[in-house]
Amino acid sequence: MDQIRVRFPPSPTGPMHIGTARTLLVNFLFARGHSGKIVFRSEDTDRERSTKEFEQELFDGIKWLGLDFDEGPFRQSERDEIYEKYFEQLKTAGKIYPCFCTPEDLEAERKLQNEQKLPPRYSGKCRELSPTDVKKMESDGRKPVWRFRVPDEEIKFTDLVRGEISERGENIADFVIRKSDGQFLYHFTVVVDDAEMQISHVIRGEDHISNTSKHILIFEALGTLVPQFAHLPLLLNKDRSKMSKRDESGKPATIDRLKADGYLPEAVVNFLALLGWNPGSGSEQEFFSLDELTKKFDFSGVAKAGAVFDLERLNFFNAHYLRELTEAELVEKIKPFLKFEVDDKARLAKAVKLASERMKFLGEANSFLHYFFGEIDPPLELFENPKMKVDRAKSIEALEQSLPILEQIQDWDSAEIQKNLLALVEKLGWKNGQLLWPLRAALTGEKFSPGVWEMADVLGREESLQRIRKALDKLKK
Ligand code: GLU
């Protein structure tokens, strides 16, 4: 195979979408797996919505995911001279023509087609304007759009994911490649750039399949090599609707948001790669590093059906990669997410260890860890739980019974605390919850937490006893 060359062509008009990241990832895997080159091209022709900040966010996202590129950044907004040259070439060859139809003309045409139950599209009215007609319109001060003259022929290509695809030219209306204000449009700029940058493989989302015939026509009109195409299945929500701005949790479906929620890039990459791709029959492997993915990725493993973006599955991958970290690494990664002061580093390490068994993403660390630090003030209602047969009086009794038992423990650790508390439950003839519910409330101020003895172990002897005494005082007031 000749040199593989792919492109990263995002539009810097918003934060990096998860679907964009997935497309870039697949481009990266394919290129790196075949010693290919990657060109970054900012498709910023939408001048109003494109910003430098969004472009920077794309670079940051690429870096965060562990991806990179070899050439660029190129910006479409800085390439008008190049487009002009190719435009002239098409003009000279008669592949495009000026169209002077006004929006009103087009609307009238559409209305007529509607009445005749014909599909609405440009009729080709200005196709055969004579040079004299054109001169006349121009001297009237009218500025044309430029349309591509779609030939009446079958356009065929073999998509690396979807196989043979064909479309008849007569079903494609002559489309606009340049606006009357001179601006070049997407179908034209994307093809000129892919031709200029000698792109061998165009790998993009399935939503671009319907553009591909138009692109092939332009490549052919320019007389340049037509690249190979691979269209990736769309990302879907769980209800199989197209995933757009938000995911099933209602949060923005962006890389920024995954980063802010505390997902690890390794997990995101692993998860995204498996959206609509599998490494082939017989393989049960789920966890892949970027390196492994690069070696294994192949279009034969890409599914045609849409790929469901399932947050739970992402959580599963993230939990796996969190557990791969050493305790010290995990503490370091958690720190930026904490919204409270940590006065005791050793306690933080122990608390993180305890929380890590349940943590799916780092953003959860706050809710799992906050009650280990600073003062807590459990509300009185927390000491009432009819289901557990616990009320305020019973809570007082539970804490009063527990205090002397806990005070006499010398080797303060989880197992020792557990043994003593369970012995007390047995002696009192209570249910476990009747003793443990009030203790949990006193120690954490929460309804849910890890086991009481594990919590007490992390808090340490003094802090645990003090929290129980404080709760007792409040209950007795
Ligand atoms: N800028 C286009 C997009 O973000 C790229 C389309 C293409 O890959 O051709 O959808």
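The values are calculated or read from the model by the stated rules, or taken from the named source; none is laboratory data. For clarity, every value in this text was computed on a predicted model and none was experimentally measured. Every residue, glycine as well, gets a Cβ built from its backbone with ideal geometry; the counts of neighbours run over all protein chains shown. We work out accessible area using only protein heavy atoms, side chains counted, and drop any ligands, DNA or RNA first. Shrake-Rupley method; radii C 1.70, N 1.55, O 1.52, S 1.80 Å.
Report the label-to-label distance for Ala93 and Arg121 in nanometres (one decimal), using points 7 Å from each Cα along the Cα→Cβ vector.
Using points 7 Å along Cα→Cβ, the separation is 2.1 nm.
In region 179-241, which trypsin sites (Lys or Arg not before Pro) are in a loop and have at most 15 other Cβ atoms within 10 Å, using DSSP for the loop call? Before the final figure, lay out the partial values.
On the way: sites: Lys179, Arg204, Lys214, Lys238, Arg240; in loops: Lys179, Lys238, Arg240.
The qualifying sites are Lys179, Lys238, Arg240.
Please report Rg (one decimal) and Dmax (integer) in Å for the Cα set of region 66-211.
So, for region 66-211, Rg and Dmax equal 17.9, 58 Å respectively.
From the square roots a ≥ b ≥ c of the eigenvalues of the alpha-carbon gyration tensor of region 235-324, which class results: rounded (a/c under 1.5), prolate (a/b over b/c), or oblate? Before the final figure, lay out the partial values.
Values: a/c = 2.06, a/b = 1.21, b/c = 1.71.
Judged from the Cα gyration tensor, region 235-324 comes out oblate (a/c at least 1.5, b/c at or above a/b).
Per residue, how many Å² of accessible area does region 1-78 show with a 1.4 Å probe?
43
I'd like the orientation of helix 18-33 relative to the chain: the angle between its Cα long axis and the longest Cα principal axis, in ° from 0 to 90, rounded to 10.
Tilt of helix 18-33: around 80 degrees.
Within the set Lys179/Lys242; Lys387/Lys476; Lys335/Lys474; Lys251/Lys353; Lys63/Lys251, which residue pairs have Cα atoms separated by over 24 Å?
Lys179/Lys242; Lys335/Lys474; Lys251/Lys353, as the Cα separations exceed 24 Å there.
So which cysteines of the chain have no other cysteine's Cβ under 4.7 Å from theirs?
Cys101
Quote the Stokes-Einstein diffusion coefficient, in whole µm² s⁻¹, for region 7-71, based on the Kirkwood radius over alpha carbon pairs, a temperature of 25 °C and a viscosity of 0.890 mPa s. Numbers along the way, then the final one.
On the way: Rh = 11.9 Å.
This corresponds to a translational diffusion coefficient of 205 µm²/s.
To check my understanding: the extent here is largest minus smallest coordinate of the Cα atoms along each principal axis. What are those three numbers for region 290-383, in Å, largest first?
That gives 60, 32, 19 Å along the principal axes, largest extent first.
Return the ratio Rg/(2.2 N^0.38 Å) for region 29-102, where Rg is computed over Cα atoms only.
That ratio works out to 1.52.
Compute the Cα gyration tensor for region 144-257, then decide on rounded, prolate or oblate, letting a ≥ b ≥ c be the square roots of its eigenvalues: rounded whenever a/c is under 1.5, prolate when a/b is larger than b/c in the other cases, and oblate in all that remain.
It is prolate, given that a/c is not under 1.5 and a/b is the larger ratio.
Where does the chain land at 222 nm, in deg cm²/dmol rounded to the nearest 500, when only DSSP H runs of n ≥ 4 count, each adding -39500 (n - 2.57), divided by all residues?
-14000 deg cm²/dmol
What number comes out for accessible area per residue over region 126-222 if the probe is 1.4 Å? Units Å², please.
In whole numbers, region 126-222 has 46 Å² accessible per residue.
Which net charge results for the neighbourhood of Trp437, defined as the other residues with beta-carbon distances under 14 angstrom from its beta-carbon, given Lys and Arg at +1 and Asp and Glu at -1? Walk me through the numbers before you get to the answer.
Values: positive: Lys387, Lys389, Arg392, Lys394, Lys431, Arg440, Lys447; negative: Glu381, Glu384, Asp391, Glu397, Glu446.
Taking every Cβ under 14 Å from that of Trp437, the sum is +2.
Obtain the nm distance between the two label points defined at Glu81 and Lys156 by a simple spin-label model: each point lies 7 Å from its Cα along the Cα-to-C-beta direction.
4.2
State, in angstrom, two size descriptors of the chain derived from its alpha carbons: Rg to one decimal place and Dmax to the nearest whole number.
32.1, 108
With the cut-off at 1.5 for a/c, could you classify region 266-312 from its C-alpha gyration tensor as rounded, prolate or oblate?
Verdict is oblate for region 266-312.
Which value does Rg/Rh take for region 1-135 over its C-alpha atoms, Rh per Kirkwood?
1.13
At each listed q (0.11 Å⁻¹), what is the log10 of I(q)/I(0) that the Debye formula gives for region 373-477 modelled as equal alpha-carbon point scatterers?
Evaluating at q = 0.11 Å⁻¹ gives log10 I(q)/I(0) of -0.28.
Which value, in Å² and to the nearest 10, is the accessible area of Arg47 when all protein chains are kept and the probe is 1.4 Å?
Its accessible surface works out to 130 Å², give or take rounding.
Once every Cα of region 104-143 carries one equal point scatterer and solvent is ignored, give the base-10 log of I(q)/I(0) from the Debye formula at q = 0.25, 0.28, 0.32, 0.34 Å⁻¹, two decimals.
Cα-only, vacuum Debye calculation for region 104-143: -0.82, -0.90, -1.00, -1.06.
When only Cα pairs under 8 Å and 6 or more residues apart are kept, what is the percent relative contact order across the chain?
12
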